[in-house]
Structure formats: structure tokens, C-alpha cells
Amino acid sequence: MAVIFDDAVKRLLRQVGKEDLKPVTNLGSAEKFQYFKILRSKKNALSSFWKQPDISAEFSLLDILDPSSPVPDPSREGPFTYKGNMVWEGKGDMTVDAGLGAQVTASAETDKSREFVLEFQINRITTNIISDLRSRALLKPEPWFLEQCRKRGDNLYVVTETVEVTNAPELRVESGRNWLGKFSIPQNPYIKGQGHVHGVKKKQESLTLPQLKVMAYQKKQLVIKWDGWEILLTEDKNQKTFSDDFKKLQDEISRRVKELSNFSKDIQDILFHNILVMLGDRGALQDLQDNMEQFPQGDLDGPGGIILKELRKNLQNSWNYRLSCISYMLEALMVLNDTQQELLAWSMEKKILVYQRELVRSILEPNFKYTLTIPFTLKPELLTPLQDEGVTITYKLLEECGLKIDLNSNRSFWDLEAKMPLSALYGCLSLLQQLAVA
């Protein structure tokens, strides 16, 4: 039955120039695709050969906004009438060699007809309606169902346009097949003869649609920001519904620090001193990272080889789940440029990692959510323990991340491009500090 519906909707969309809309594939959940409804998409499928379908989030845009003003009505066009009537006829002949000289010959005539009358209307949330809605603030505290979507990392979309049936049409398909076949068997000492066979097959299918059933829809991405929300009128594949928050980064790094702390003091000392030697040698760090992915196989010379040898000697069969924190640290180090790695080595030797970590945290935490270039001030109490040379080295570390530092006014500027290298620097400082105090 769904095939009848799917075919009728696709033909209607082609006829009215709305092929950019998506047909509803499941009639039983069509009401979940009404205008203002929220759809969610999961993260990328595990296969590159298919794409996950849109999933209803079970709430609408209006459910997460302040309900102080009336619900706006969408712009409506119609009703329109579309009459679908298609007749298809086919005829063919076929001869098949059945072996041992036997032949089977068949001819068939097929006809198929589809007939329906659809009355429909187009509902659209216009840019004016969206502009009016944007004056409404997001509910505080955040509703639990929206919080669930945030935790899953869903991308959310608002249904902004629908094609809706206004009558209760019957979609009907009739098909028939008339076929004639004959077979012949050549002279054979055991089997002789020829014959004919004839058949007729008729089939009827019909589907009645409920009134006001959504047949197709269009969606636009919802973006939730620290200072409000918006609906993207133009698709941006790099945009996410929920911006990353600092707590997620903090939790991720804290988990890796805890894993690292579970190693013996001897292993942590070996990691610290041999990574210190490799900083600035990108090739050596990359070789160690590659070998960690193959562990316990693989071997290296130099400081990377010392680390691998110690890990093999001490971890035995428990390596599989305990080494991810080391790979995580190496991955973060590889984000830093050569200059930053050399500055980090100096900081390790001067034992100022803990102060640098707190300074970087003080920058990231309040600015993590911002996408614009905005000014901020470094806290003097966090700079004091670094002393003169340490302050200079730390400033250089921050500038290499992309931050604009004004030494004279102590005024700095946050830049979105600095977010990734600064996050990697924060991870490096946190993990290396753990090794330093082991």
C-alpha cells in the first residue's frame, strides 16, 4: 500500500515543482511531520552506503519557546486539485531453450492503471513568521527532552513547509496480465509431444488517505546559541544545533587524566621524560602514535622505543583498554605546532605546567561558546606565579594558538580559530601535569 502512496506523492511533487520536498515514507507517523515539528538526525551512519532517515523528536519548536504570545498560523496556499490517471500497457515474446532440444515459448500482455484525485494545500512558515518567533526566548531551565537531544549530540530541524491532503482521496491501482505459452519437445524415445498453456491474472489495490494527512515536508536546521536561537534558511553542513560547551571538554580530559593516573609511578616517569625529549621532533611523535595504534606489535628506536618497551613489560594483557589515554595525549600534542612543542618542553623543565593550565582554563571556560571575536582580560593572579620569563613563554604559547595578546593593556581577543589549538593545549597541559606530579 505504501508504494501506491509514494508513487502518487512523487508524481504530485513533480507536477507542482516541489521536488525539493521529502515525501513522508511512513503513513502511520505522518502527523509527526507537521509544520513547527522538530526532527532529529543521528550522527553519521556506520556505513557510507546509506543515510539515516529523519526521526521525530516528539516535540515542536513552540514547546521549547516562551509561550507568552499566540501561536502563529502558517501561510497557506490552496486548496489545489491534482488528478492522476496513468495507463501502462506492455507486450512481449520470449523463447527459452530448456535443454535436450526442448523449447518454451511465451507471450504476455500486461496493463496497469492508476487513478486518483488529490486535493491538497501547501503550508509554509515564512521568514516573517520566523522573525516574529525569534522574539520569544528559549525556556529556562531547558526542558528535559531538549537536554536529551543535547547530550546525544543530535542535530535538530524544524519542519517549515508541508504538503497536506485536504480531502479523503482513494488511491486505486488495477493491474492485469494475460499470458500464453507453448512448449515443444523434439522426437525422443521416451518423451514426445507439445502443449499450450494460458493464464489471466487480475489485481486491484486501493488506499484511502485520512483528511489533513501530511504527504511531504521541508525542514530547516535549528541552531541553539548562548544568546538565543535561529533557523538556518540556507543549509550549512558544518553547522551544529548545539555548540560545544566547555564542560564536555573538561569531562573528556578529566577522564583521560584519571586513566593516566592509574599507571605506576615508574611508567608515568618514563612517559614524562621521554615525551619531553621528543617534543619538537614531529616525526618521532608521529611514529610513536602510529605504533600505539598497533600495540603490542611494532618497535622503535630512541625515546619512543623506551616507552613501548616499558609498556609491553608492565601491561601484559591489559594494554587494550589502558593505552587510550596515551594515544589521546599524543593526538593533542600533534595539534600543536613545532614552536608550541618547544615552548611546552621549556615549561615542563621549569615546572610551570600547572599555572599555565589554570590560565588556559580561565580563557576557555567563559569564551568557549562564542563564535565572534570578543575582548577578554587575563586574570593577574594567574600570571603572577609564572614570573617574568614564564609569562613571556606562556603568552607566546597563547599567541601561537591564534589569540591576540596585548601586553601593554593586558587586553586580549578571543578568536574562534583559536578554539581547537587552545583546547589541545589545555589537554596537553593537564595530562603532562599529571605525569609531572606522579
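Here segment 240-285 has 52 percent of its accessible surface on carbon and sulfur atoms, given a 1.4 Å probe and all protein chains in place.
Going 7 Å from the Cα of Ile374 along its beta-carbon direction, which residues of segment 206-240 have the amide nitrogen within less than 16 Å of the resulting point? Answer for segment 206-240: 224-229. For the listed residue pairs Lys265/Lys309; Lys265/Lys351; Lys51/Lys219; Lys313/Lys419, the alpha carbons are over 27 angstrom apart in Lys313/Lys419. Within a straight-line Cα-Cα reach of under 14 Å, Lys83 can be paired with the following aspartates and glutamates, leaving aside sequence neighbours fewer than 8 residues apart in one chain: Asp7, Glu115, Glu119, Glu170.
With R₀ set to 56 Å, the beta-carbon distance separating Ser69 from Lys351 gives a calculated FRET efficiency near 0.45. Peptide packing: for 142-150, 349-357, the average count of neighbouring Cβ atoms within 10 Å per residue gives the ranking 349-357, 142-150, highest mean first. Computed extension gain for Leu416 through Asn128, at 0.36 nm per residue and net of the alpha carbon distance, reaches 100.6 nm.
Packing here is the average count of other Cβ atoms within 10 Å per residue, and on that basis the peptides 367-374, 121-128, highest first, run 121-128, 367-374.
Taking 0.36 nm per residue of sequence separation and removing the Cα-Cα distance, the Ser324/Lys225 pair yields an extension gain of 32.4 nm. Take segment 280-438 with all the other protein chains still there, run a 1.4 Å probe, and you get 49 Å² of accessible area per residue.
The values are calculated or read from the model by the stated rules, or taken from the named source; none is laboratory data. Small disclaimer: the values here were computed from a predicted structure and weren't measured. FYI the Cβ positions are ideal-geometry reconstructions off the backbone, even for glycines, and counts take in every protein chain you see. When the accessible area is computed, the model is the full protein with side chains, heavy atoms only, and any ligands, DNA or RNA have been set aside. Shrake-Rupley method; radii C 1.70, N 1.55, O 1.52, S 1.80 Å.
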